[in-house]
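Asks: Let me begin by handing over the structure; questions about it come next.
The values are calculated or read from the model by the stated rules, or taken from the named source; none is laboratory data. As the structure is a computational prediction, the values presented were derived from the model and not from experiment. Quick reminder, even Gly has a Cβ in these numbers, built from the backbone with ideal geometry, and neighbours come from all protein chains shown.
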Amino acid sequence: MTALTPISRKPVSFYVPVVAAAGALAGLFIGTAQGSGLLGILIGGLVIAALAWAATQLVPSEKAARWGLAILFAGGGALLGGLPGGIVGAAFGWFFGWFSFWLYEGRYRARIAPYLTPGQVLWHYSFRVICGAILIFLITPILVVMPLSFNAENFFTFTPEMLRLDPAGYSLKHYRDFFTNSDWQHALWNSVKIAPAATILSVSFGTLAAIGLSSEHVPFRRSIMAILISPMIVPLIISAAGMYFFYSRIGLQGTYIGVVLAHAALGIPFVIITVTATLVGFDRSLTRAAANMGADPVTTFFRVQMPLIMPGVISGGLFAFITSFDEVVVVLFVGSAGQKTLPWQMFTGLREQISPTILAVATILVGISIALLATVELLRRRSERLRGMSPS
Amino acid sequence: MSDTEAQAGPVLAADGTPLKRSLARALRMQKLRALALIAPLLIFVLITFIAPITDMLLRSVKNEIVVDVLPETVAQLQSWDVDSTAPPSEAVFSAFYIDMVLAEEQKLHTRLGTRLNYEKTGLSSLFRKTGRRVGRFDTDVYTDQIVALDPAWKEPATWAAMMADKADRGALPLTARTWDRWADYLNSEGKDPAKTKVEDFLFTALYLDLAAGNAKSVADPRIAAAAAAAPGFETVDIRSQFAKADKDWLDPAVWQTIKIFSSRFTNGYFLNAVDLQKGPDGIEPRPESQQIYLMLFKRTLFMSLVITGSCILLGYPVAWILANLPSRTANLLMILVLLPFWTSLLVRTSAWKVMLQQQGVINDVLVWLGIVDDAHRLVMINNQFGTIVAMTHILLPFMILPLYSVMQTIPPSYLRAAKSLGATNWTAFWRVYFPQSVPGIGAGSILVFILAIGYYITPEIVGGTTGTFISNRIAYHISSSLNWGLGAALGSILLGVVLLLYWIYDKIVGIDNVKLG
């Protein structure tokens, strides 16, 4: 639904009070911070109302008016709170400029159906604000970690220097610590050794089994599937406890092989799920065609089937990799100090609250997960293209 | 045409076999090939995953330590009445003496004490204390008297030779059994039983056999001589020896506990896991001060429900907007959902620790805004609130993704049709859209609930004492208190709940329909 609805300018009596209400809300927060909430509401509401009216009615060009508001607020903010105040002020000014004109020009009506009542329009936008708030809830914790990892102090919180954007408040020392501290390096090295080995195991077994499972006549398909998926469903603490008892009995507890086997078992469901999903769209007549032309099953597998299901295999592998790379409960029990992985080191750090090096590691891990996410997304699209579905 | 074919008999394949059989063979081959492809993984999962889980389940009912460490005592206790108010007879104490000395040599008595302490407090220290004394009991009286008959008794070689003789063994059953256990232990330590000093408890066992009159007709003259002299020996009251070590041994309750838990399998751990215990009169509730597990189970269920509820509340609007926006915008917003999903669990947990703590980001902002007084910063971590917030955040993508995939299949025209037929916004949503999205809610809720109920890491880090789950208790029993049986029983109950939910999920959604990303 693109711009179907004709829009028109709205009367002052509609938009100025609305903008004023928003200003009052902002004023409330600033007011309480300065000592008097009531005064803040009053001043905020009045100032914003006056500015909104002036910008829409007095300034001839919208662009000039909005820039003016942003600069005005930026100046005011800078006067009160230095550089960070200026930035916050500019954002504030930009928002109010946009908000005033959005209401004044009636643009809020442009993209929604013309027959909606004002109440429905209000609900439409409130709903979006609610969704926005939930999405902010989802993403904020991850965003907060990143700047904190550049903290120059050993605190888990923003220091006044950081808030002033003082370069002295920032440093790379936690990253330096991560790259020089032998504990962390040892843990990183262990993770790098364990995760790929576990991934290779689960991908090779898992792909074969997924191909077997997707053929037409498999007896007990449902129960086999249930068993193979179970490592994903059984709570990790139970898997960890069971493996701890069993592996120590057969002498695998505290060994590299034990941890790899345990992680491979945990990664298998992901491989099975992604590869069977890819195989659903696989055209069986292709293998028959290949056989018809004289290819033996092995050649058919590697030359025909494998390239087509490759995206699914790789994304299953990535899931298995991240499962192992992220896993802490099982390695806590099955591993010993010699197999201390990155998550384990983070876990001990968090429990004993040692240093923001954890946050530096967290930032690096977020970077890795962004890279993995991008890869999986690209693979998904490629897979859908290969299978002739239109990428959404 | 049909005439000629009917006369030719069944349809034949190219190689001349009937087509039906040929097809059946091809089908069988296909099945076998599929199974051959699945087999390696199935075996792998069975060994690395299913076997450990089964092992854990068995561990929750296994109780071999009592009968393994105290075989003679358990045999003697058969004739003792559990409801008796008097301590068992001298025979039981004699058997117990032999078992205890052997256990003390192998340092098993402390483990046994720890095991029995789960059922009756105080037994651990009782066993430890007695273990220190049991080697110094006055049973050397028997040693001295038997050695006085023939100095050869002192030689380990004599004993080794005697215990190799079938007739002698038959005449001295208790001595033979005790010697075997002793010799097994020495061999496992790399010592030679034929060269190790013969301890008092072996002489005691020998005396008990002799006094029982089993050895009268034995051929070996040395044994016959001892058997003849035995009735005249000065004796030691082993029961009073134990009573001197600790008067609790005369308390029948101690023996009740040993007797009740002497079977190889027990439901004791499961009873403990639901705050019950086995008493002499059957199953009874545990002392009030030790009842925590039911409360923990209830708390785990309650918090998982709250988390599932908040995930529905927060996930539904987001899934709706993702499903109804143009796909370009929706894909962009999807990144905001998928990024947390892909980010390490520990990163997200540490982020919440950073945000929620008293000197954390949220409190700082609230203080700066003047909403909260600096002296009264909110306590949002190390309690239930912290766990619920952090876990809702962590599990929210698991709710949004299934909801989104269901909502994508609901045509938006249905809502418009409902409205054009006169439904209000609310009616259109509640009567038309919502019922179609229920499968998504069901799938997401079960997934979130299954994941929440067994969570360990997040409650451990942000849960403090009031926000922890049953899984934290399981971890505690396995790594700290070493009460593995109880840990396994708690785990089995949790596993049962999860498997039930898994089964429901399979019925509703189908396990093959799980989608990732």
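Asks: Can you say whether A:Phe347 is assigned to a helix (DSSP H, G or I), without any contact (Cβ under 8 Å) to a residue 24 or more places away in the chain and either aromatic (Phe, Trp, Tyr) or touching a His at 6+ places or on another chain (Cβ under 8 Å) (or both), as far as the supplied structure shows?
Replies: Answer is yes for this residue.
Asks: Still on this structure, please answer the following. Which one of the conditions (1) modelled with pLDDT of 90 or more; (2) exposed (fewer than 14 other Cβ atoms within 10 Å of the Cβ) does B:Ile283 fail to meet, given that it meets all the rest?
Replies: (1)
Asks: From the list B:Val92, B:Val82, which one is modelled with pLDDT under 85, aliphatic (A, V, I, L, M) and in the same structural domain as B:Lys244 (by TED's automatic domain parsing)?
Replies: B:Val82
Asks: Is it fair to say B:Val347 is more than 8 Å from chain A (Cβ to nearest Cβ) and touching a Ser or Thr at 6+ places or on another chain (Cβ under 9 Å)?
Replies: no
Asks: If a residue has to be buried (at least 22 other Cβ atoms within 10 Å of the Cβ) and either modelled with pLDDT under 85 or closer than 22 Å to A:Val304 by Cα (or both) to count, how many in the range A:214-238 make the cut?
Replies: 0
Asks: What number of residues in the range A:29-51 are at the interface with chain B (Cβ under 9 Å from one of its Cβ atoms) and either surrounded by 17 or more Cβ atoms within 10 Å (Cβ to Cβ) or in a helix (DSSP H, G or I) (or both)?
Replies: 7
Asks: Right, another one. Just one of (1) outside any helix (DSSP H, G or I); (2) within 7 Å of chain B (Cβ to nearest Cβ) trips up A:Phe205, so point out which.
Replies: All conditions pass for A:Phe205, except number (1).
Asks: Which members of the range B:182-223 meet the condition of being aliphatic (A, V, I, L, M) and free of Cβ contacts under 8 Å to residues at least 60 places away in the same chain?
Replies: B:Ala183, B:Leu186, B:Ala194, B:Val198, B:Leu202, B:Leu210, B:Ala211, B:Ala212, B:Ala215, B:Val218, B:Ala219
Asks: For B:Lys278, which of the numbered conditions (1) crowded, with 18+ Cβ neighbours inside 10 Å; (2) farther than 24 Å from B:Asp81 by Cβ; (3) at pLDDT below 85 fails to hold?
Replies: All conditions pass for B:Lys278, except number (2).
Asks: Any idea how many residues of the range A:276-286 are over 13 Å from A:Leu228 (Cα atoms) and within 12 Å of chain B (Cβ to nearest Cβ)?
Replies: Residues in the range A:276-286 being over 13 Å from A:Leu228 (Cα atoms) and within 12 Å of chain B (Cβ to nearest Cβ): 5 in total.
Asks: Among helices (runs of 4 or more DSSP H) lying entirely in the range B:415-517, which contain 2 or more residues that are more than 12 Å from chain A (Cβ to nearest Cβ)?
Replies: B:434-453
Asks: If you don't mind, another one. Answer yes or no as to whether B:Ile50 is more than 9 Å from chain A (Cβ to nearest Cβ), part of a helix (DSSP H, G or I) and surrounded by 15 or more Cβ atoms within 10 Å (Cβ to Cβ).
Replies: In short, no.
Asks: From B:Gly113, B:Gly16, grab the single residue that is within 22 Å of B:Leu486 (Cα to Cα) and outside the structural domain of B:Glu189 (by TED's automatic domain parsing).
Replies: After ruling out the rest, the residue left standing is B:Gly113.
Asks: Right, here's the next one. Touching a residue at least 60 places away in the same chain (Cβ under 8 Å), of a type outside the set (A, V, I, L, M) and within 26 Å of A:Leu122 (Cβ to Cβ), is that true of A:Tyr104?
Replies: yes
Asks: Let me ask something else. Go through (1) part of a helix (DSSP H, G or I); (2) buried (at least 17 other Cβ atoms within 10 Å of the Cβ); (3) among the charged types (D, E, K, R); (4) in contact (Cβ under 8 Å) with a residue 60 or more places away in the chain for B:Asp99 and report which single condition fails.
Replies: Here B:Asp99 meets the rest and fails (4).
Asks: Continuing with this model, one more query. Taking interchain pairs and intrachain pairs at least six residues apart, which have beta carbon atoms under 7 angstrom, with the first residue in the range B:352-376 and farther than 21 Å from A:Phe347 by Cβ and in the same structural domain as B:Pro340 (by TED's automatic domain parsing) and the second of a type in the set (Asp, Glu) and modelled with pLDDT under 85?
Replies: Taking only residues 6 or more apart or on different chains, the pairs are B:Val367/B:Asp374.
Asks: Can you go through A:Pro17, A:Pro6, A:Pro60 and tell me which one is outside any helix (DSSP H, G or I) and either modelled with pLDDT of 85 or more or assigned by TED's automatic domain parsing to the domain that holds A:Phe99 (or both)?
Replies: When all the criteria are applied, what remains is A:Pro60.
Asks: Continuing with this model, one more query. Please specify each residue of the range B:233-256 satisfying the condition of being touching a helix residue (DSSP H, G or I) at 6+ places or on another chain (Cβ under 9 Å) and either modelled with pLDDT under 85 or part of a loop (DSSP other than H, G, I, E, B) (or both).
Replies: B:Phe233, B:Glu234, B:Thr235, B:Val236, B:Asp237, B:Asp246
Yes or no, residue by residue, for (1) acidic (Asp, Glu); (2) within 8 Å of chain A (Cβ to nearest Cβ):
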position: B:Met29; (1), (2): no, no
position: B:Ala36; (1), (2): no, yes
position: B:Leu42; (1), (2): no, yes
position: B:Asp83; (1), (2): yes, no
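Asks: Can we say B:Pro87 is outside any loop (DSSP other than H, G, I, E, B) and not small (Gly, Ala, Ser)?
Replies: No; evaluated as a whole, the condition is false for this residue.
Asks: Every residue in the range A:228-265 that is over 26 Å from A:Leu318 (Cβ atoms) and facing chain B (nearest Cβ under 8 Å), please.
Replies: Residues satisfying the conditions are A:Ala241, A:Gly242, A:Tyr244, A:Phe245, A:Phe246, A:Tyr247, A:Arg249.
Asks: For the range A:268-299, name all the residues that are among the small types (Gly, Ala, Ser), assigned to a helix (DSSP H, G or I) and modelled with pLDDT under 85.
Replies: A:Ala277, the sole residue that qualifies.
Asks: Determine, yes or no, whether A:Met162 is more than 9 Å from chain B (Cβ to nearest Cβ), at pLDDT below 90 and surrounded by 18 or more Cβ atoms within 10 Å (Cβ to Cβ).
Replies: yes
Asks: Also, I was wondering about something else. Restricting to the range A:138-159, count the residues that are without any contact (Cβ under 8 Å) to a residue 24 or more places away in the chain, within 7 Å of another protein chain (Cβ to nearest Cβ) and under 19 Å from the mean Cα position of the chain (by Cα).
Replies: The number of residues fulfilling the criteria is 4.
Asks: Would you mind stating whether A:Gly251 is part of a loop (DSSP other than H, G, I, E, B) and at pLDDT 90 or above?
Replies: Yes, satisfied.
Asks: Consider B:Leu395 carefully, then state whether it is more than 9 Å from chain A (Cβ to nearest Cβ), crowded, with 19+ Cβ neighbours inside 10 Å and within 24 Å of A:Val129 (Cβ to Cβ).
Replies: Taking the combined requirement at face value, the residue satisfies it.
Asks: Further, regarding this structure: Can you go through B:Ala219, B:Ala226, B:Ala245 and tell me which one is surrounded by 19 or more Cβ atoms within 10 Å (Cβ to Cβ), within 24 Å of B:Met162 (Cβ to Cβ), out of contact with any Phe, Trp or Tyr (no Cβ under 7 Å at 6 or more places or on another chain) and not assigned by TED's automatic domain parsing to the domain that holds B:Gly485?
Replies: Being surrounded by 19 or more Cβ atoms within 10 Å (Cβ to Cβ), within 24 Å of B:Met162 (Cβ to Cβ), out of contact with any Phe, Trp or Tyr (no Cβ under 7 Å at 6 or more places or on another chain) and not assigned by TED's automatic domain parsing to the domain that holds B:Gly485 holds for just one of B:Ala219, B:Ala226, B:Ala245, which is B:Ala226.
Asks: Taking the range A:160-204 as the search range and keeping residues that are under 23 Å from A:Gly258 (Cβ atoms) and of a type in the set (Ser, Thr, Tyr), which one is farthest from the chain's Cα centre (by Cα)?
Replies: A:Ser204
Asks: Another question, if that's okay. May I ask you to list pairs of residues, at least six apart or on different chains, whose Cβ atoms are under 7 Å apart, with the first in the range B:481-496 being farther than 12 Å from B:Arg115 by Cβ and at pLDDT 90 or above and the second being not aromatic (Phe, Trp, Tyr) and not in a helix (DSSP H, G or I)?
Replies: Here the result reads B:Ala488/B:Ser60; B:Ala489/B:Ser60; B:Ser492/B:Ser60; B:Leu494/A:Pro235; B:Leu494/B:Gly454; B:Leu495/A:Val234, each pair linking the range B:481-496 to a residue that is not aromatic (Phe, Trp, Tyr) and not in a helix (DSSP H, G or I).
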